[in-house]
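The values are calculated or read from the model by the stated rules, or taken from the named source; none is laboratory data. A quick note: this is a predicted structure, and the numbers were derived from the prediction, not measured. Methodologically, a virtual Cβ is constructed for each residue, glycine included, from the backbone with ideal geometry; neighbour enumeration extends over all protein chains shown.
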Amino acid sequence: MITLALAGKPNCGKSTFFKAATMANAEIANYPFTTINPNFGVAYVRTTCPCKGLDLNCGHCVDGVRFVAVNLIDVAGLVPDAHKGKGLGNQFLDNLRQADAILHVIDASGGTDSEGNPVGAGNHDPAEDVKFLTYEMTMWVYGILDKHWSRLSRQASVKTFSIHQGIAEVFTGLGITADEVRELELLLKLDLAHAQMENLVPFCAEIVKISKPMLVVGNKVDETPEPLREKLAAEKVAFASAASELALRNAATAKVIKYLPGDKQFSVADGVTLSAPQKAGLVKIAEVMKKNNGTGVQDAINRAVFELLDRIVVYPVEDENKLCNKQGDVLPDAFLMKRGSTPHDLAFQVHTDIGKGFLYAIDARTKMRIKENHILKDGDIIKIVSAAK
């Protein structure tokens, strides 16, 4: 399952974002390092369920809206020079290893300094926070490579040794391949076999970009002064109000309002009488949503999965006519696949044995057999025929 990580300095609202996205328990307070150990939860990407256009009731969506699970990690706050052990140290950079992509949450209101201490809205430039996480991760990667560089440099003198493979093995945990190392060498016009370690910071920065694509999320947009908002918008920052999203999800759970994560607006549930504080709170949230086209939390998760990781949603079925499994469950599963995936790739996603025994696939919409190397599209419904039982 895809794993996203929430990273950023302390007190930027990461834990509020995490709780809003997962409805899991996470300690939230207005001081640095509230989160010490990483929190793990399940969030969801939002997509349109195929049943909506097929006149079916699959039972796995809400009014045609399908939610597909992804892992979400909230790591402890990072401060400048974390890679040197400052703050809670670079152990939390290690927690980012398992993430496929990172949501870098910043305090868009400018209300906290570089170490997460409250300073009042507008008194810190959040644009500075955008740069620091990338730098910290770059220097963390640099430190990893530095530990192995003497050995790699010595081995590079042996004709049978591949410096590209050697570096890739150092970064096995980041999923870097020898081909990617070779491509970066050409891109940066390096000679890795004879390079000096002090000249490899740009190389390590590119390793970070490849292995940990990042979306910057400007949280606390409901408290952000307009000049700061305009400055961050120019930097393509995704805005969010995690506090508004959390309030909406709690109200929806209590059946006070009708709201699905990612909706652009909400409505008060039938028969519900709101108190004056409830009305005031919901009016404020409605204003935030109107200005930002929603709370931004669900949008950030969707962008990380569908844009940064370039995933599509594919639905495997066992009966291409009824679009169900053997138990008659309609569209029971939804898989997030890399764009460019084939039916054979899907077979392996369903089960290794099904992948090994793959024979062919059927497009359930057209009822036509499709080739093993056919490129899947978003929303495809596919039957896999395999020799595996």
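Summary of values
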| quantity | calculated |
| --- | --- |
| Which numbered condition Asp222 fails, given (1) under 26 Å from Asp310 (Cα atoms); (2) part of a helix (DSSP H, G or I); (3) in the same structural domain as Thr295 (by TED's automatic domain parsing) | (1) |
| Residue check, Ala205 of a type in the set (A, V, I, L, M, F, W, C), in the same structural domain as Val170 (by TED's automatic domain parsing) and under 20 Å from the mean Cα position of the chain (by Cα) | yes |
| Residue match in the range 128-149 (condition: surrounded by fewer than 21 Cβ atoms within 10 Å (Cβ to Cβ), of a type in the set (Val, Ile, Thr) and out of contact with any strand residue (DSSP E or B) (no Cβ under 8 Å at 6 or more places or on another chain)) | yes |
| All helices (runs of 4 or more DSSP H) inside the range 112-218 with 1 or more residues being basic (Lys, Arg) | 127-155, 178-187, 201-211 |
| Selection count, the range 78-102, where residues are modelled with pLDDT of 90 or more, aliphatic (A, V, I, L, M) and part of a loop (DSSP other than H, G, I, E, B) | 0 |
| Entirely in the range 282-387, the helices (runs of 4 or more DSSP H) that have 3 or more residues that are within 26 Å of the chain's Cα centre (by Cα) and buried (at least 19 other Cβ atoms within 10 Å of the Cβ) | 297-303, 343-350 |
| Subset of the range 55-77 (residues that are loosely packed, with under 15 Cβ neighbours inside 10 Å and part of a loop (DSSP other than H, G, I, E, B)) | Asp55, Asn57, Gly59, Asp63, Gly64 |
| Filtered residue count, the range 233-245, keeping only those that are outside any loop (DSSP other than H, G, I, E, B) and out of contact with any helix residue (DSSP H, G or I) (no Cβ under 7 Å at 6 or more places or on another chain) | 2 |
| Evaluation of Glu226 against (1) over 29 Å from Val141 (Cβ atoms); (2) in contact with a helix residue (DSSP H, G or I) (Cβ under 7 Å, 6 or more places away or on another chain); (3) surrounded by fewer than 15 Cβ atoms within 10 Å (Cβ to Cβ); (4) charged (D, E, K, R) (one fails), failing number | (2) |
| Pairs where the first residue, in the range 112-141, is under 23 Å from Met197 (Cα atoms) and the second is aliphatic (A, V, I, L, M) and part of a helix (DSSP H, G or I), C-beta under 6 Å, 6+ apart | Glu136/Ala82; Met137/Val208; Thr138/Ala205; Thr138/Val208; Trp140/Leu93; Val141/Ile207; Val141/Val208 |
